[in-house]
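What follows is a single structure, written as structure tokens, with notes after it.
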Amino acid sequence: MMEINMIKKYLLKYGTAMLLFLLPLIVSKSIMTVVCSIAGYFIIAGALNSINGYSGQMCFGIAGFYCVGAYTMAILMNTFHISFWIALLPSGIMAAFAGMLVALPTLKLRGMFMAMLTIGFSEVMRMICLNWTSVTGGTMGIKGIKAPLFFGIKTSGASRYYYIYLVTALLFIFCTNRVIHSRIGRAWMAIREDDMAARSLGVSINLYKILNFMYGAFWAGIAGALLAPYKTYIDSSYFTLDEGFNILSMVIIGGQGTLAGPMVGVVIYQLLVEGLRFTGVWRYIGCAVLIIAMMWLRPQGMVGDSDSVLAGNKTVRTGSNLLSNLHWKTPGPIRKLIISVLY
Amino acid sequence: MDTKILLEARSATKKFGGLTAVNAVDMQINKGDIFGIIGPNGAGKTTFFNMCTGFYTLDKGNIFLEGQDITNQPSDVIAHKGIARTFQNIKLFKYMTVLDNISIGSHINTKTSIIDAVFHTDTYKKDEEYIKETGMEILHQVGLEKYSDSLAGNLPYGVQRKVEIARALAVKPKILLLDEPAAGMNPIETDSLMSFIKMLNSMGYTIALIEHDMKFVMNSCNRIIVLNFGEKIFEGTPEEVKNSVLVQEAYFGKGIAVSRGLSA
Amino acid sequence: MTSAYFISQLMNGLCLGAIYALIALGVAVIIGIVGFATFTQGEVVMMGAYISFYVFLYGGNHVIPGILGSFIATWVLGMIIYKICYARFLDAPEHISLICTIGFSMLLKNIALIFFGADKKPMLNVIKSINYHFGPITVSNVQLLILGTVLILVLILSFVFTKTDWGIRLKAVSQNREAAALIGIDVEKTAMIGNSIGCALAGAAGTLIGIYYQSCYPTMGATLSMKAFTSATLGGLTSVPFAALGGILIGIIENIGIAFSSASFRDMFSFGFLILMLIFKPTGFARKRSVRA
């Protein structure tokens, strides 16, 4: 039995890897565009999840870090003519620095105050990019950001740029998985569950909250840095509050505090948006309804643990439990599948 | 300064607005003590613990750990210096396993950084091994091995108390502060807790505890202070406390009616 | 910069600030009574503006029916919002209802896009603009109308809160929900009324904004939620008079600010104010008990 299971697991694992690798050869270019945006959103949703999901802070302004990363990349490449590969890390670090700036004043805040403050910072960062015309091009944005060369191979176009996204997304999963299963990740989760107890055990709350913000912002910056050469053009309209809310919705729909959650959320959200494209603007109504429905039916998200601080289902009052039969069993088929692929 | 004194409070005072919750309390806990802090409800016992562990700032006075001033330091720094505590209303990480709870207790004894975690360096491997070993060792000591993988929040009350103590032990503290460890336990659980605390003491841990269960305190502690309305009204051995008129008055009132009735 | 320009900017700021104050009042009432923040407020304002647009279109340019119409319509909208975003989640972690209001604001925005169209709807000449001159100060009757309406609504609100049975119930719920329930107040119904009051004020503000800018469009509410919230932070979110003061302050800061820089910086000032408030005084300046920061 064990052996068959092992074989199954390996088949699943390497099958998925092969599939991901060969995807551009199989599917059409228009689908690859969707896949690319899914991969891009996955990194940023995962980054947001590592802030909101693991240390239980309420960052609603992830778009700001996304913005910082993208503009840093665009400026480094276009103004300073630095290669994409070299500029990638500074973009992330720049965003992490912005993350630190945001994290410092939010240390004492919680709940909606923190949400509002992060939103405020996000908008201010966007507005700086919008108004600092000499550096960021203002409303004109930055044009002509070239896709990088990879050992002489051009990576422009969705089916080629996809590999950059794929590798980065995998790298993100790899790093985050390792971090959350270490002392750092456990400290984050301890803060999420009970900050007083965490303090009594010697976890420096402030330090780890800042670290957490910087980690999330770093990956958000990387996601932004990847976006710039992919779109070849950026302006501040990519990083509005609504974009931040979209990303947040993806994380919530998938399930905060799990690695697989944001992935599932992004896929569902993007498939919904793309699948309902024929309905025109109606598809956004679909998204809005999906968000509300998720909060009603499964506030911990598709793959989130029902036994988590984030679920809040312990407090759903008995009077309105009509829909509780719809709650999925905890590990859930989707989650099981994803877990078996990941590990 | 006598090095035998582990934790010392000198005229520690805490005010909440007009109310003086703890007023000029002196306390000396020696190495190897099981030290009891008792008093009626609202006497300021938990406040006093919170002052010792940095959750409240002192308005006056000082706290010393092994002669080193730790007054008003942040609670995580105090934990680093060697004071671990439990809480009156259990503060476990409810949605984590027992072993994970204890792993977080090992936080200050490890030093993995993000870089270590990502690249699985030697530091990381050593730390993880240490965490696992200490975790299992402590679970073995407290006899909770069978619960190691269950969610802390799902355990019975008495076990949760023990897990909280086990988590505090993982900090490798010099002194352990237990806030009402026997609250809400039935007599059997209380008895097992008492022998557990005595066992910890015999292993070399210094323990200070707040407790309402007099039998528990009298049978486990070797020294006791009594607080009432934020002031220390008595200090001594369990025997002395039992026989103190002051303490009886604090708990039962002055008993004018009773004494009159008796003398008549 | 001439002093006349400065004074006219000050007047504009006061006027816009009065509208912000109205929206912020709504936010303060909602946060105080329901206990949750809202991201829908801006969209409620937008809905209010559209309702009065249609009232003016079909019923002629009469201000009072316009305001009444949007007041009533957004009152009902407030009930719907309460049922969808809050009723189920009163005891749940607050991020859940926050996300719900985000979802609902997306819903409203897109409904407006589909049914009212993406283009600006003109609300021209609802009242004929007349300028009055008081020495160096020039005031238009539109500005007077806005200031007057806001003043009247605020007076009515304070009357309701201090003198009526309803108001006392609302206050009780805002101070301690459990205690209110214990003395027999229907907390859920009261919270719903509180939410409706907050939304209806925003709806009325929508009408005024429509008249002021002479147009309405689906994305007009985008930053208004945040501005209202910013104003409310002045009093620690739940203080009604401080929220009003905050609104006026924001309006003035914005208009004076753009007088010194450029119009594209407008939102920067209110967001800057928000950040400074939250960093240095998250509990606000009001004395009374406020939501825990």
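Read-outs throughout are calculated quantities, based only on the coordinates presented, and are distinct from any laboratory measurement. Note that the structure is predicted; figures quoted are calculated from it, not measured. FYI the Cβ positions are ideal-geometry reconstructions off the backbone, even for glycines, and counts take in every protein chain you see.
So which helices of chain A fit the span-like rule, where a helix is a whole DSSP H run, its Cα atoms reach 27 Å or more along the axis, and its mean Kyte-Doolittle is at least 1.0?
Values: long enough: A:2-26 (34 Å, 1.06); A:29-52 (34 Å, 1.30); A:84-106 (33 Å, 1.76); A:111-131 (30 Å, 1.26); A:158-180 (32 Å, 1.09); A:205-231 (39 Å, 0.84).
The answer, listed by residue number, is A:2-26, A:29-52, A:84-106, A:111-131, A:158-180.
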As a check on your grasp of the helix formula, calculate [θ] at 222 nm for the protein assembly as shown: sum -39500 (n - 2.57) over DSSP H runs of n ≥ 4, divide by the residue count, round to the nearest 500. -20000 deg cm²/dmol
Which listed residue (B:LEU144, B:LEU193, B:ALA170) has the Cα farthest towards the positive end of the charge dipole for the range B:112-203, taking +1 on Lys and Arg C-beta and -1 on Asp and Glu C-beta about the Cα centre? B:LEU193
Are there cysteines in the protein assembly as shown with no second cysteine's Cβ under 4.7 Å away, and if so, which? A:CYS36, A:CYS59, A:CYS67, A:CYS129, A:CYS175, A:CYS287, B:CYS52, B:CYS221, C:CYS15, C:CYS199, C:CYS216
Compute the separation of the alpha-carbon centres of the range C:8-65 and the range C:99-141 and state it in Å as a whole number. 9 Å
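Just list whichever of C:LYS189/C:LYS281; B:LYS146/B:LYS198; B:LYS81/B:LYS126 have alpha carbons separated by over 25 Å in the model shown. Present the calculation step by step, with values, prior to reporting the outcome.
Numbers: C:LYS189/C:LYS281 33 Å; B:LYS146/B:LYS198 22 Å; B:LYS81/B:LYS126 22 Å.
Result: C:LYS189/C:LYS281 exceed 25 Å.
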Take the Cβ-Cβ distance between A:ILE82 and A:ARG277 as r, set R0 to 51 Å, and report the resulting FRET efficiency rounded to the nearest 0.05. 0.85
Would you mind computing Rg(Cα) / (2.2 N^0.38 Å) for chain C, counting N as its residues? 0.97
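For chain A, what is the convex hull (Cα atoms) projected area averaged across all directions, in square nanometres? Mind dumping the intermediate values first?
Details: hull surface 79.3 nm².
Quarter of the Cα hull surface area: 19.8 nm².
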Take B:GLN141 and B:PHE229, extend 7 Å from each Cα along the Cα→Cβ direction, and tell me the distance between the two endpoints in nm. 4.2 nm
At a threshold of 8 angstrom on Cα-Cα distance, excluding pairs fewer than six apart, so keeping six or more, what relative contact order does the range B:79-234 reach in percent? 30 percent
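So which helices of chain C fit the span-like rule, where a helix is a whole DSSP H run, its Cα atoms reach 20 Å or more along the axis, and its mean Kyte-Doolittle is at least 0.0? Write out the running numbers ahead of the final one.
On the way: long enough: C:3-33 (43 Å, 1.86); C:41-59 (26 Å, 1.01); C:63-81 (26 Å, 2.09); C:94-116 (32 Å, 1.54); C:141-163 (32 Å, 2.13); C:187-213 (39 Å, 0.94); C:240-260 (30 Å, 1.89); C:266-280 (22 Å, 1.75).
Membrane-span-like by this rule: C:3-33, C:41-59, C:63-81, C:94-116, C:141-163, C:187-213, C:240-260, C:266-280.
Roughly how many debye, to the nearest 20, is the charge dipole of the protein assembly as shown about its Cα centre, given +1 on each Lys and Arg Cβ, -1 on each Asp and Glu Cβ, and no other charges?
On the way: 72 positive and 51 negative charges, 254 e Å.
Dipole of the protein assembly as shown, to the nearest 20 debye: 1220 debye.
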For the range A:39-254, give the magnitude of the charge dipole about the Cα centre (Cβ charges: +1 Lys/Arg, -1 Asp/Glu; no others), in debye to the nearest 20. 400 debye
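Where the only charges are on Cβ atoms (+1 Lys, Arg; -1 Asp, Glu), what is the dipole of the range B:79-154 about its Cα centre, to the nearest 20 debye? All intermediate terms of the calculation are to be shown ahead of the outcome.
Values: 9 positive and 10 negative charges, 84 e Å.
It works out to roughly 400 debye.
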Distance between the range A:25-64 and the range A:65-117 - C-alpha centres, whole angstrom: 16 Å
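Contour minus end-to-end for C:THR138 and C:ILE64, with contour as 0.36 nm per residue of separation and end-to-end as the Cα-Cα distance?
On the way: separation 74, 0.36 × 74 = 26.64 nm, distance 2.46 nm.
Answer, rounded to one decimal: 24.2 nm.
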